[in-house]
């Protein structure tokens, strides 16, 4: 695959225009067969630090385009962390107030970042997880429908649209159409659905592998155990060609391994995707496997002490 010697620096008129066009990194994760290329899509290069910047920008942009989002309204949604940061960033850049509903268990770093962008935070009990925050935001919107623009990442088709329009095309171009497997975690499910739909349209032989925790009580923040959770309405079960279950321990171990092999610090769900991508790679003699690394590990350091 050809690689340009250098890329010109981008000149931007808004921080929102820095979202997307993230690097694809060749990985040397131990245990991958020599005939298989293993790549990571490095989403922490987005200005808000995660793949959810793409989602947030799409939710807000589509809201503006359709007229659902109007000046004077507050953007509101529930999020365990990364979408919250993305909405706080995009809302501030576009001039909208933002209110975020999140479980108390969200990392302190994410809470501080959202507050730094000026977002108002409301917390729900940690034991109720992301589903508890989801039920709370729906209750608040029902009580004051004119006050809020409900971004509604779990039901809004603008979520998978972000990845159909950006993530999928970027991966296709970066691999020069050679990708054989795409591996990503299931949270809101928008990344898998949008990216997978685009890749299947380009080449129906590309295998889309969804990753989720192996049990309801897990430590892979941002991922959903769908069998025990409220399944997002944007989820299309026809898109994944297979689903792999990953334990919290295996996901965290993969984070440590890729730090040693490639010098990158990734988050828990990225570790789960890496574990699954290597498992896929071990079933192949040749292939190009791309794992979606949804965020970096800086926001989880307090949990690793």
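Each reported figure results from applying straightforward, stated rules to the coordinates on display, with no laboratory input. Worth saying up front: this structure is predicted, and the values here are computed from it rather than measured. Cβ atoms come from the backbone with ideal geometry, glycine included; neighbour counts cover every protein chain shown.
Summary of values
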| quantity | calculated |
| --- | --- |
| The range 65-224: relative contact order in percent, alpha carbon pairs under 8 Å with at least 6 residues between | 20 percent |
| Protection proxy ranking of 183-193, 211-221 - average other beta-carbon atoms within 10 Å, highest first | 183-193, 211-221 |
| Debye intensity ratio I(q)/I(0), log10, the chain, q values 0.07, 0.12, 0.15 Å⁻¹ (C-alpha model) | -0.24, -0.74, -1.17 |
| Computed over the range 52-150: relative contact order in percent, which uses C-alpha pairs under 8 Å that are six or more apart | 31 percent |
| Binned Cα-Cα distances of the range 52-150, short to long, each 10 Å bin given as a whole percent | 18, 51, 29, 2 |
| Prolate/oblate/rounded call for the range 193-305, Cα gyration tensor, a/c under 1.5 rounded | oblate |
| Cα→Cβ-extended label distance, 7 Å offset, between residue 14 and residue 256, nm | 4.4 nm |
| Shape call, the range 141-240: gyration tensor on alpha carbons, a/c limit 1.5 | oblate |
| Angle between the chain longest axis and helix 190-202 axis [Cα atoms, degrees, rounded to 10] | 50 degrees |
| Candidates 93, 210, 270, ranked by Gaussian network fluctuation over the chain, Cα under 10 Å, top entry | 93 |
| Folded to 0 to 90 degrees: helix 248-262 orientation relative to the chain principal axis, Cα | 60 degrees |
| Nearest 10 degrees, 0 to 90: helix 52-66 Cα axis against the chain principal axis | 50 degrees |
| Value of relative contact order over the chain, rounded to a whole percent, pairs C-alpha under 8 Å and six or more apart | 22 percent |
| Most mobile listed residue (123, 149, 182) in the chain, GNM with C-alpha springs under 10 Å | 123 |
| Considering only the chain, percent of DSSP beta bridges that pair antiparallel, nearest 5 | 15 percent |
| FRET efficiency, 1/(1 + (r/R0)^6) with R0 22 Å, evaluated for residue 127 and residue 301 via beta carbons | 0.35 |
| Inter-centroid distance (Cα atoms) of the range 194-273 relative to the range 25-44, Å | 15 Å |
